[in-house]
Amino acid sequence: MRATFRPEHAVAALAGVALSTAAGTALAQPGKWPEKPIRTIVAFAPGGGTDVVARLLAPRLSEELGQSIVIDNRPGAGGTIGSEAAARAAPDGYTQLLIPSSYSSSAALYKLNFDPVKGITPVSMIGIGPLVMLVNPNSKLTTLKEFVEFARANPGALSFGSSGIGGTPHLSGELLQQLTGVRLTHVPYKGDGPAMADLMGGHIQAAFAAGASAVPQVRAGKLRALGVTTDRRAPGAAELPTMAEAVPGFNTSTWYGLVGPAGLPRDIVARLRQAMTRVLERPEVAERLRADVVEPTPTMPAEEFARFIEAEIALWSRVIKAGNVKVD
């Protein structure tokens with residue numbers, strides 16, 4: 001039987017095509033991103049730990065996304081200058097910020113011109129690792145328990161070095177004092193290297209330093225580790241005890257993550273996160289991070305990373321307030 005043509009059938013057909021095309025366009029829209037190079041802001045100078053991680057990930061992330069990743073170093077004011085630049089960028093997926101753990105301590109220490117929690121869109125935790133509490137290998141204080149007992153009996157007699165005022169190593173020392181009631185003398189340096197050099201020379205009695213800087217010196221016998229600052233032993237240095245074993249509740253870390261401006265579309269967050277996950281699962285990337293005692297975290301959900309950042313800022317806010325820490 002021959003079908004009878006009716007005008008309303010044509011209208012319905014055209015409407016169906018229009019809806020189908022619109023739906024196809026809506027579904028295809030996320031696939032258009034990225035159409036141009038992506039800028040990754042690093043809020044610190046070239047050569048530092050955050051910059052090294054960014055340059056490790058950038059070419060591989062570029063391969064996954066099919067666009068160039070351009071590193072934009074914006075150092076200054078404890079990382080707040082670069083962070084603000086990223087927070088104020090358009091939420092179109094073409095500006096992202098690679099943050100280290102000092103993002104949270106700087107947010108607690110400096111007066112910012114943006115909200116460090118609501119002013120960003122967390123995308124992916126990259127990796128997390130411990131700091132290490134160090135003493136001279138000839139020190140008579142061979143355990144954290146002995147160190148705390150001596151410090152309690154001799155207020156202010158022991159000094160500890162860090163990479164600078166307000167950084168995670170400095171604030172880890174402040175947290176130790178607050179949890180144990182001891183009084184230490186803080187000596188700030190311009191980086192982990194100078195602090196460890198003075199520790200080796202006997203000019204200070206202890207230091208907190210990133211695992212990447214500290215563990216090679218410990219294994220070479222040039223320094224002794226009293227413990228790692230995370231509440232679990234570090235996979236890259238499982239032989240070292242945790243400080244929490246002697247000081248319950250002690251838990252600090254060094255970490256890296258990727259964020260974007262507030263309002264970053266969900267489809268872009270999902271695609272960027274998926275690409276970062278694939279990069280972090282590459283054996284050569286995981287091995288390189290673990291060599292710096294940083295454990296890759298490709299499976300942490302973005303929502304959990306957001307809660308993690310907020311908790312870190314809250315922790316350091318309490319420590320800074322209790323220790324009356326100020327930036328000179």
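Side notes on the structure shown:
- A Cβ distance below 8 Å, combined with a sequence gap of six or more or placement on separate chains, defines the contacts here; from region 317-328, residues that are under 15 Å from SER104 (Cα atoms) reach residues that are aliphatic (A, V, I, L, M) and modelled with pLDDT of 95 or more in the pairs VAL319/LEU171; VAL319/LEU175; ILE320/LEU171; VAL325/LEU171; VAL325/VAL319.
- Residue within region 199-214 that is in contact with a Pro (Cβ under 7 Å, 6 or more places away or on another chain) and over 20 Å from ALA54 (Cβ atoms) present: yes
- Conditions (1) out of contact with any Lys or Arg (no Cβ under 6 Å at 6 or more places or on another chain); (2) crowded, with 16+ Cβ neighbours inside 10 Å; (3) more than 30 Å from THR40 (Cβ to Cβ); number of the one not met by PRO169: (3)
- Residue tally, condition hydroxyl-bearing (Ser, Thr, Tyr) and out of contact with any helix residue (DSSP H, G or I) (no Cβ under 6 Å at 6 or more places or on another chain), over region 151-173: 2
- Matching residues in region 16-59 - criterion: being outside any helix (DSSP H, G or I) and at pLDDT below 95: ALA43, PHE44, ALA45, PRO46, GLY47, GLY48
- Selection count where residues are more than 18 Å from ALA90 (Cα to Cα) and crowded, with 16+ Cβ neighbours inside 10 Å, scope region 258-279: 5
- Filter result for PRO75 (at negative phi, more than 14 Å from the chain's Cα centre (by Cα) and not small (Gly, Ala, Ser)): yes
- Filtering LYS140, LYS190, LYS111 for residues that are among the basic types (Lys, Arg), surrounded by fewer than 16 Cβ atoms within 10 Å (Cβ to Cβ) and not assigned by TED's automatic domain parsing to the domain that holds ALA220 leaves a single hit, LYS111.
- Candidates are the residues of region 44-72 that are among the charged types (D, E, K, R) and farther than 16 Å from MET276 by Cβ; the one that is farthest from the chain's Cα centre (by Cα) is ASP72.
- Selection count where residues are farther than 17 Å from PRO130 by Cα, at pLDDT 95 or above and not polar (S, T, N, Q), scope region 161-181: 2
- Residues that are free of Cβ contacts under 8 Å to residues at least 60 places away in the same chain, crowded, with 16+ Cβ neighbours inside 10 Å and part of a helix (DSSP H, G or I) within region 60-75 comprise just one, SER62.
- Test: residue in region 236-245 that is buried (at least 23 other Cβ atoms within 10 Å of the Cβ), modelled with pLDDT under 95, over 18 Å from PRO137 (Cα atoms) and under 18 Å from the mean Cα position of the chain (by Cα): no
- Candidates LEU141, LEU112, filtered to the one that is among the hydrophobic types (A, V, I, L, M, F, W, C) and either at pLDDT 95 or above or not in a loop (DSSP other than H, G, I, E, B) (or both): LEU141
The values are calculated or read from the model by the stated rules, or taken from the named source; none is laboratory data. Here the structure is a predicted model, which means the values were calculated and not measured. Counting neighbours? That spans all protein chains shown, and the Cβs are built from the backbone with ideal geometry, glycine included.
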